[in-house]
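Student: Below you'll find the structure I mean.
The values are calculated or read from the model by the stated rules, or taken from the named source; none is laboratory data. Quick caveat: nothing in here was measured; it's all calculated off a predicted structure. All Cβ positions, glycine included, derive from the backbone under ideal geometry; neighbour counts span all protein chains shown. All accessible areas refer to the heavy atoms of the entire protein, side chains included, with ligands and DNA or RNA removed. Shrake-Rupley method; radii C 1.70, N 1.55, O 1.52, S 1.80 Å.
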Amino acid sequence: ADATKVVAAVDKTYADIQSVKTRMTGVTGTLNQLKVAVATALPADATKGQQINVGFVRQELTKAKEAVAKFKEMVREAAENGGGGGGGLPNARRQMKDDKTRTLYERVGGDLNIETGVEIMFNKMLQDSRVRSYFEKNQRKMQQMRKKFFQFISGFFGGPALYDANNIKPAHYHMNITDYHFDVILNVFMNVAKEMGVTGETMMDVQVILNRSRADITTGCTVRMELSKKKNAQDGMDQLFQRLGGLDGVMAMVDRLYECVGVDKRVSNFFEGAKTQAIKRSVTDFLIMTLGGPADYRGRSIEDSHAVIEITDYHFDCYMQNAGRAMRDVGAEQDAVDEVTVVLEPMRKQVLAHHYKENK
């Protein structure tokens, strides 16, 4: 009997520690989101005298303080109860036992654990260069995304159906989310679930259920890219070059692209300095050649020209987003934008060859 009590006490202590770790990570995530919010609110050049939204920052600080206060109260109550059966921290491990008679929603701990997991996951996404550009939005947009993601996961796992699953495909159709990006997001979510104490068959079921959303999330990109590949292959690249407006059209696109990246603080530091105009001319020649125009490019290979630049998938994604915006701004149709994306996206491996080699 004594041995059983000792084992039970050790088990509960371990679960309490895991719960503290999870909640502390959630608090840290809240503070990091505040940091991102402040950074987003700051002007690109603070010397211009622009002002940040002080009221918004104060509101977010209040939320962060409340989160810290709740955490401290939880720890205080656990200490006063001495880890006894009448109180203490929530036993996350006990909440998430593998019980196939219950819904997956119940097996992972319900709304509280799902909401905490989503908060932690979003915080990790903002630190992951492979998918960061898809999650790094203004604070209001990120709050909406977190809310919808939480509602989707809750309903998808068998909880309250607060999000219409029919919206998933149209919401992601024009986003260039590939299987690569989906796998990164899935891997991060699974790691968060593991950190929160999800184990065994529940862990496997989480992965199976989430994978069912893969097609809805990636289909738009897959279909658009495949159609564009076929068109480029059948009609030739010269048709794309002409649809973009020929030399004048591509040059106008590059002009607009450099205007966009010049004010995008995520990548603007790569487009500053005395050599910017020379680089722009080189990029223009390269794109004219790549998109079906005259082959006048005489510069270095893609790998060599980017070898000394510290760029990641995040920067490449930001650049591609700006390229799409620039094309639309100068009047390119969405089909043409997709066809250009099909041509440029495979260059990711060449542009980031040095980065991938350094991070193996």
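Student: So which residues in region 91-108 are surrounded by 22 or more Cβ atoms within 10 Å (Cβ to Cβ) and modelled with pLDDT of 90 or more, if there are any at all?
Tutor: 107, 108 - these are the residues of region 91-108 that are surrounded by 22 or more Cβ atoms within 10 Å (Cβ to Cβ) and modelled with pLDDT of 90 or more.
Student: Need a quick list: helices (runs of 4 or more DSSP H) entirely within region 209-316 having at least 1 residues that are over 31 Å from the mean Cα position of the chain (by Cα).
Tutor: 214-235, 237-243, 246-263, 276-290
Student: Let me ask something else about it. Kindly evaluate residue 289 against the criterion of being free of Cβ contacts under 8 Å to residues at least 40 places away in the same chain and closer than 22 Å to residue 241 by Cβ.
Tutor: yes
Student: Taking the stated definitions as given, is residue 183 modelled with pLDDT of 95 or more and either open to solvent by less than 50 Å² (accessible area, probe 1.4 Å) or within 15 Å of residue 214 (Cα to Cα) (or both)?
Tutor: When the stated conditions are applied, residue 183 passes them.
Student: Do we have any residue at all in region 336-357 that's out of contact with any strand residue (DSSP E or B) (no Cβ under 8 Å at 6 or more places or on another chain), in a helix (DSSP H, G or I), open to solvent by 70 Å² or more (accessible area, probe 1.4 Å) and closer than 19 Å to residue 231 by Cα?
Tutor: yes
Student: Could you tell me whether region 168-180 includes any residue that is among the charged types (D, E, K, R) and surrounded by 15 or more Cβ atoms within 10 Å (Cβ to Cβ)?
Tutor: Checked region 168-180: at least one residue is among the charged types (D, E, K, R) and surrounded by 15 or more Cβ atoms within 10 Å (Cβ to Cβ).
Student: Which ones in region 186-237 are surrounded by fewer than 17 Cβ atoms within 10 Å (Cβ to Cβ) and acidic (Asp, Glu)?
Tutor: 195, 201, 226, 235
Student: In the list 162, 112, which residue meets the criterion of being without any contact (Cβ under 8 Å) to a residue 24 or more places away in the chain, in a loop (DSSP other than H, G, I, E, B) and open to solvent by 50 Å² or more (accessible area, probe 1.4 Å)?
Tutor: Just one listed residue meets the conditions, 162.
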